[in-house]
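The next block holds one structure in the form of structure tokens; read it before the comments.
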Amino acid sequence: MPVKVKIGNTEHSLWFRLIRAALVLATVVIVVGCIVFVSYYHKYAGVVDERLAEGPLFASVAQVYAAPQEVRTGQALSAAIIAASLRHAGYNANPQLGSFQLRGDAILIKPGAQSYLATDGATITTTSGAGGAPVVQSIIAENGAPLAAYKLEPQLITALSEDKNRTKRHLVTYNQIPQQMVQAVLAIEDRRFFEHGGINYGRTLKCAYQDLTSGHRSCGGSTLTQQLARGFFLTPDKTLTRKIAEAMIAFQLESRFTKQQIFEMYANQIPMGQRGSFAVAGFGEAAQAYFGKDIRQLTLPECALLAGIIQRPSYFAPYKHADRAMERRNLVLDSMVETGAITSTDAERAKAEPIRLASPNVDASEAPYFVDLVHDQIVQRLGESDGPRGALRIYTSLDPDLQRVAAAAVDASMPHVDDLVRAKHKKNDKSPILYPQVALVAINPHTGQVLALVGGRNYAVSQLNHAVSDRPTGSIFKPIVYATAYNTSLQGTALDDEGVFTALTKINDDPQDFAQAGQPPYIPTNFEKGEYPGMVTAADALAHSLNIATIALAQKVGYNNVASLAHDVGILKAKPTPSMAIGTYEATPLDMAGVYTTFANYGVHLKPWILASVRNPNGDIVADFAPEAKQILDPRVAYLTQTLMEGVINRGTAAGVRGMGFTAPAAAKTGTSHDAWFAGYTTNLLCIIWVGNDDYTNLNLEGAKAAAPIWAEFMKRASKLPQYSDMKPFSQPDGVQIVRINRATNLVADSSCPSDSITVAFLNGTAPSSSCSRMGEDSQTLANGLYGTDKSNPDDPNKPRNFFEKILGIHKDNNQPPPPPIAPQPH
């Protein structure tokens with residue numbers, strides 16, 4: 001009987017077993033996959049939990065603000081410019097800070113509860129002045145009272161860096177981010193962000209295929225959530241295990257936060273390039289760094305540019321690669337058209353806009369050396385934990401306009417210094433050229449407020465702040481010697497046989513040994529070696545910065561007295577030695593700015609200050625700081641010393657600044673030691689310039705050549721700003737008289753004498769009473785004219801009164817004290 005084989009059933013049984021095996025394998029794979037997924041999910045849930053438990057995702061960093069800008073009647077400002085300043089400060093965008101209404105040529109300002117200023121508002125009206133330029137016509141308070149001045153909300157300078165990597169970040173909320181910024185980012189980075197659950201699977205598979213076929217891991221398939229996960233928790237390396245971890249963390253973030261929260265975190269975390277030595281993180285800081293704007297003020301092309309930078313911040317860096325940045329920006333605009341965010345007309349209009357960036361000079365826009373000082377002082381006064389890491393608003397002394405002027409003046413002037421260095425180097429070509437560093441400190445001479453500060457040539461290259469580095473002061477120390485001499489005379493002490501000290505006192509400038517007891521010989525020379533004019537007037541000695549004469553004067557008044565005054569005005573390292581008189585001891589440029597306030601402010605020394613107030617985010621006061629002021633000199637002494645320094649700039653070593661185009665009334669002193677210095681001021685602005693080598697080698701350039709041109713350039717630019725344009729003549733205090741002196745005779749100039757004369761200030765009663773045309777009179781007549789007679793003496797009414805009684809206004813037969821120091825006079 002034949003056997004039948006059921007081939008069909010056998011085949012069916014084989015396929016069944018294969019399918020069952022596949023299903024079992026798939027089940028095992030799914031189960032194992034689920035186990036692995038759950039394991040990884042919980043593992044990275046722990047990672048996220050641990051990170052979130054550490055505190056906020058972003059460190060709260062203090063924001064640094066400038067000083068309030070003061071608007072005054074008569075100032076060259078328009079209502080539109082005032083509105084732009086307030087808008088930049090955040091008014092209207094943040095009503096809690098303040099608001100304004102622009103009504104033609106008038107602007108109504110109302111500070112809010114979080115304002116740095118009082119909540120009193122005002123209306124400022126402007127009108128066309130001479131030549132059609134706008135001028136502030138009136139300032140009216142809310143209660144109708146007229147005001148002479150009104151302060152505007154301080155501008156944000158920058159944030160303090162949040163870590164040792166010098167990262168800067170300005171935190172923003174989702175609601176503060178312009179909608180076009182959101183649309184631009186999504187169009188170029190993650191179009192389905194609001195739809196996917198953290199992973200764009202189609203895009204991920206496409207990128208995986210491209211990477212496999214090309215052999216390069218260059219395709220960016222990550223969603224915004226994955227980028228955020230990578231930035232917070234992972235390294236940027238592209239590996240399989242990292243991609244798995246990235247996905248797991250993305251799932252965690254999507255399950256814990258809303259899409260708006262995720263975008264906000266992304267907007268604050270994303271690296272946006274480098275600015276100087278600082279890393280820029282987040283859109284808020286990028287808006288400030290690249291455009292000098294609050295993020296809420298960004299235009300469409302600016303939003304597109306920032307969105308384009310995200311992919312490769314260094315490659316598309318707009319300062320270095322403007323063409324690349326422009327091309328990338330336009331690609332983002334096209335992508336926004338594709339997503340329907342904007343129309344093609346909007347895109348074409350935005351593409352036509354040039355890239356307008358903030359100043360590339362970090363010193364000009366963010367004052368990094370100044371901000372470093374702010375950080376140091378906050379730590380010193382409030383402590384590390386309560387200071388830079390707190391969400392504080394730090395209000396400072398800085399004037400942003402003047403800071404930009406200072407940075408620009410340094411940039412424009414230092415190439416000239418480099419040329420001088422190269423010219424010197426040609427004469428001695430044995431060593432490599434060392435290009436010098438620079439510092440500029442500008443302050444208000446009547447308040448001590450540090451208005452601008454440049455601590456070096458390039459902050460990105462060197463963060464050493466030369467404005468607070470000790471250097472030998474050179475000849476800018478010399479006015480202290482002359483002030484001491486005036487002070488000594490005011491106290492009734494004669495200078496040997498010279499009598500009372502005046503600008504016409506003769507000082508020996510011949511070579512001489514100033515060695516002190518037990519010390520080796522000290523025979524100094526003048527800067528111009530071999531020129532010893534013999535006996536010179538004090539006015540000429542300072543005007544031409546004669547070393548020997550100045551040391552001789554210090555010896556007469558007492559080295560201890562000079563050192564004592566130096567300590568009082570802030571040069572603490574000065575010691576009572578002969579070389580002290582010509583500036584061999586050290587001080588910082590910031591210290592020297594304080595020294596010169598004593599002369600500019602009628603004897604009141606003001607310690608330069610940078611901190612005004614620290615507030616919390618709600619505007620509540622954490623700490624306020626009061627300036628330090630102390631009357632050091634009699635106002636007459638300060639003024640008389642100042643007039644000697646007016647001679648320096650009008651006919652002495654600083655006269656070159658007049659040829660450079662600076663013509664306003666000013667007092668100044670050049671300085672040359674190893675370094676070059678220039679100290680000078682007007683009625684409203686005091687500036688110190690230092691130029692020198694970091695290795696302490698001799699610069700071999702005079703202050704008149706290396707530092708004075710920087711000062712002149714700065715002051716010329718500053719005088720064009722409305723707030724510093726009114727540089728007026730100095731006002732003299734009571735007790736001082738101004739006399740025209742004939743140069744040839746050192747007597748009062750009159751019409752019969754040659755025209756060579758100068759203006760000289762004297763304490764009342766100390767000026768020559770004889771004119772140059774009366775030189776033939778005998779000495780007794782001249783003495784009577786100079787000293788006067790004591791008519792109150794009943795025994796001998798013709799007897800000359802004691803000279804010091806005359807200048808101090810007292811008589812021999814009474815015990816009246818000298819008049820008290822006069823209060824500082826307003827300018």
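The values are calculated or read from the model by the stated rules, or taken from the named source; none is laboratory data. Owing to the predicted nature of the structure, the values given are computational and were not obtained by experimental measurement. Every residue, glycine as well, gets a Cβ built from its backbone with ideal geometry; the counts of neighbours run over all protein chains shown. Just so you know, the surface numbers come from the protein's heavy atoms only, side chains and all, with ligands and any DNA or RNA stripped out. Shrake-Rupley method; radii C 1.70, N 1.55, O 1.52, S 1.80 Å.
Data overview
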{"read-out": "Test: residue in segment 148-166 that is outside any strand (DSSP E or B), of a type in the set (Ser, Thr, Tyr) and more than 30 Å from Arg275 (Cα to Cα)", "value": "no"}
{"read-out": "Failed criterion for Asp624 (all others in (1) over 23 Å from the mean Cα position of the chain (by Cα); (2) farther than 29 Å from Lys720 by Cβ; (3) open to solvent by 40 Å² or more (accessible area, probe 1.4 Å) hold)", "value": "(1)"}
{"read-out": "When residues of segment 724-743 are limited to those that are in contact with a strand residue (DSSP E or B) (Cβ under 7 Å, 6 or more places away or on another chain) and not charged (D, E, K, R), the one farthest from Leu451 (Cα to Cα)", "value": "Asn742"}
{"read-out": "Residue that is surrounded by the fewest Cβ atoms within 10 Å (Cβ to Cβ) [pool: residues in segment 690-704 that are touching an Asp or Glu at 6+ places or on another chain (Cβ under 7 Å) and hydrophobic (A, V, I, L, M, F, W, C)]", "value": "Leu699"}
{"read-out": "Yes/no for Thr641 being in a helix (DSSP H, G or I), touching a helix residue (DSSP H, G or I) at 6+ places or on another chain (Cβ under 6 Å), open to solvent by less than 10 Å² (accessible area, probe 1.4 Å) and of a type in the set (Ser, Thr, Tyr)", "value": "yes"}
{"read-out": "Scope segment 654-685; condition of a type in the set (S, T, N, Q) and surrounded by fewer than 24 Cβ atoms within 10 Å (Cβ to Cβ); matching residues", "value": "Thr663, Ser673, Thr683, Asn684"}
{"read-out": "Count of residues meeting criterion [open to solvent by 10 Å² or more (accessible area, probe 1.4 Å), in a helix (DSSP H, G or I) and in contact (Cβ under 8 Å) with a residue 40 or more places away in the chain] in segment 476-497", "value": "4"}
{"read-out": "Within segment 95-153, considering residues that are in contact with a helix residue (DSSP H, G or I) (Cβ under 7 Å, 6 or more places away or on another chain) and free of Cβ contacts under 8 Å to residues at least 24 places away in the same chain, the one farthest from Ala67 (Cα to Cα)", "value": "Leu102"}
{"read-out": "Among the candidates Ala407, Ala412, Ala423, residue that is within 24 Å of Tyr395 (Cβ to Cβ) and small (Gly, Ala, Ser)", "value": "Ala407"}
{"read-out": "Every residue from segment 255-278 that is farther than 17 Å from Phe233 by Cα and modelled with pLDDT under 90", "value": "Gln274, Arg275, Gly276, Ser277, Phe278"}
{"read-out": "Selection count where residues are among the aromatic types (Phe, Trp, Tyr) and in contact with a Ser or Thr (Cβ under 7 Å, 6 or more places away or on another chain), scope segment 718-743", "value": "1"}
{"read-out": "Boolean, Ser335 is modelled with pLDDT of 95 or more and out of contact with any Phe, Trp or Tyr (no Cβ under 7 Å at 6 or more places or on another chain)", "value": "yes"}
{"read-out": "Matching residues in segment 705-728 - criterion: being surrounded by fewer than 22 Cβ atoms within 10 Å (Cβ to Cβ) and not acidic (Asp, Glu)", "value": "Lys705, Lys716, Arg717, Ser719, Lys720, Leu721, Pro722, Gln723, Ser725, Met727, Lys728"}
{"read-out": "Those residues of segment 580-589 which are in a helix (DSSP H, G or I) and surrounded by fewer than 24 Cβ atoms within 10 Å (Cβ to Cβ), in sequence order", "value": "Met580"}
{"read-out": "Total residues in segment 743-795, condition open to solvent by 70 Å² or more (accessible area, probe 1.4 Å), modelled with pLDDT under 50 and part of a loop (DSSP other than H, G, I, E, B)", "value": "5"}
{"read-out": "Failed item, numbered, when Arg312 is tested on (1) part of a helix (DSSP H, G or I); (2) at pLDDT below 95; (3) of a type in the set (Lys, Arg)", "value": "(1)"}
{"read-out": "Leading residue by the ranking (nearest to Gln377 (Cα to Cα)) among those in segment 148-164 that are surrounded by fewer than 22 Cβ atoms within 10 Å (Cβ to Cβ) and over 22 Å from the mean Cα position of the chain (by Cα)", "value": "Ala149"}
